[in-house]
Amino acid sequence: MLIEYVNITDIPGIKLGNAEDLTGGTGCTVILCEKGGVAGVDVRGGAPGTRETDLLNPVKMMDRIHGIMLAGGSAFGLDAAAGVMEYLESKSIGFDIGVTKVPIVSAAVLFDLPVGDYRCRPDKEMGYRACINAENGRFSEGSVGAGTGATVGKILGMDKAMKGGLGSFCIKNGSLYVGAVVAVNCFGDVVDPDTGEILAGAYIPEEKRFVNTESLIMVSRKKEDNPFVGNTTIGCLITNARLSKAEANKVASMAHNGYARSIRPVHTMYDGDTIFCLATGEIEADVNQIGVLAVKAVEQAVVNGIKKAVPLFGIRTYSQR
């Protein structure tokens, strides 16, 4: 069948929205599946911050979730998930316990506290506002949502780092949709997955060149170094396919190859790299095909997050390089 590239908001049964504080330099992104979807997750970084990921294990009872939140603010940013729960409960969406319905919302956060004002973090109000924006169809990419305070290439500190951001990419093959939304905030450099060219990373403006984080670590990294700790790339793979929880976890695992193809190095001890997989269950599809398409969607979402970032707080962008 003919492969098409479409907007991630075209996926049936899914709503996406952002909210941010441009003064504080942080934000959150929500993916809502109001009818409930099967989900999996794969956490590979050495410093993750997550919420409600244990229940995505196939041996756990809960078989559907209703939302996924990606946020800045480090561990403080997990508070925004409460706003997502409040929004969904107000619409009577969630796991029915008789007296009310409990929305199941999984979340992951990235570290952006040194950007903007560290005292500003995603909170319950911001999470709720992101849901309202999702309901009204307001979703964009770049220096917004969870990508507001994102940066990349921090091996030499913030003065050599570049702006990260929120990116998405979606592939349509017949009636099958496979898309990804990613907040790019890595310790390493972002590269073109086809050519290996560094697009954004540790950059020396006086010499107009990239340091090449991977090469620097291989030849001169010392254990006693004190690296800049503001990292972690988080994302969600979204499909309208019918998957079991085990298959959703497998697709999330395969999707990490998209990080590996576009971020170098990736999955370091300074990152908390996490990918969710959310499946709405509308059509039958081969899990291997979904996994291969997921890799493409994730790698291109990473690239888009870099290319669509706009200047904030004096941090140089891809377009200013």
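The values are calculated or read from the model by the stated rules, or taken from the named source; none is laboratory data. Computed from a prediction, not measured in an experiment: that's the story for all the values here. Please note: Cβ atoms are built from the backbone with ideal geometry, for glycine as well, and neighbour counts cover all protein chains shown. Accessible surface areas use protein heavy atoms only, side chains included; no ligands, DNA or RNA. Shrake-Rupley method; radii C 1.70, N 1.55, O 1.52, S 1.80 Å.
Quick rundown of the values:
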{"read-out": "Whole-angstrom gap from the stretch 277-291 to the stretch 100-148, using each part's C-alpha centre", "value": "26 Å"}
{"read-out": "Surrounding net charge for Thr280, when Lys and Arg each add one and Asp and Glu each subtract one, Cβ distance under 13 Å", "value": "0"}
{"read-out": "When the stretch 2-58 is reduced to its Cα atoms, the Kirkwood hydrodynamic radius in Å", "value": "14.7 Å"}
{"read-out": "Peptides ranked, highest mean first, by Cβ atoms within 10 Å: ranges 212-220, 88-96", "value": "88-96, 212-220"}
{"read-out": "Debye, to nearest 20: dipole size of the stretch 75-118, +1 on Lys, Arg Cβ, -1 on Asp, Glu Cβ", "value": "200 debye"}
{"read-out": "Portion, in percent, of the accessible area of the chain that falls on carbon or sulfur, probe 1.4 Å", "value": "50 percent"}
{"read-out": "Global form of the stretch 251-291, assessed from the alpha-carbon gyration tensor, a/c cut-off 1.5", "value": "prolate"}
{"read-out": "Pairs of Cα atoms farther than 13 Å apart, the stretch 82-130, %", "value": "64 percent"}
{"read-out": "Cα pair distances of the chain binned at 20 Å [whole percent]", "value": "37, 56, 7, 0"}
{"read-out": "Accessible area (Å², per residue) of the chain, counting only protein heavy atoms and a probe of 1.4 Å", "value": "39 Å²"}
{"read-out": "Proximal lysines relative to Lys15, as straight alpha-carbon distance under 24 Å, when same-chain residues fewer than 8 apart are discounted", "value": "Lys35, Lys91, Lys101, Lys124, Lys172, Lys245, Lys250, Lys296, Lys307, Lys308"}
{"read-out": "Shape of the stretch 137-197, Cα gyration tensor, a/c cut at 1.5", "value": "oblate"}
{"read-out": "Dipole of the chain [Lys/Arg +1, Asp/Glu -1 at C-beta], most positive-end residue of Leu55, Ala75, Ile65", "value": "Ala75"}
{"read-out": "DSSP-defined beta bridges in the stretch 41-132 - what % are antiparallel, rounded to 5", "value": "45 percent"}
{"read-out": "Whole-number percent relative contact order across the stretch 85-243, with pairs defined as alpha carbons under 8 Å at least 6 apart", "value": "22 percent"}
{"read-out": "Between 0 and 90°, nearest 10: helix 80-90 axis offset from the chain longest Cα axis", "value": "20 degrees"}
{"read-out": "Where only C-alpha atoms are counted, convex hull volume of the stretch 172-315 per residue in Å³", "value": "133 Å³"}
{"read-out": "Cα gyration tensor shape of the stretch 40-86, rounded if a/c is under 1.5, else prolate or oblate by comparing a/b with b/c", "value": "oblate"}
{"read-out": "Whole-percent pair-distance distribution, where bins are 5 Å wide, for the alpha carbons of the stretch 1-129", "value": "2, 11, 19, 20, 19, 14, 9, 4, 1, 0, 0"}
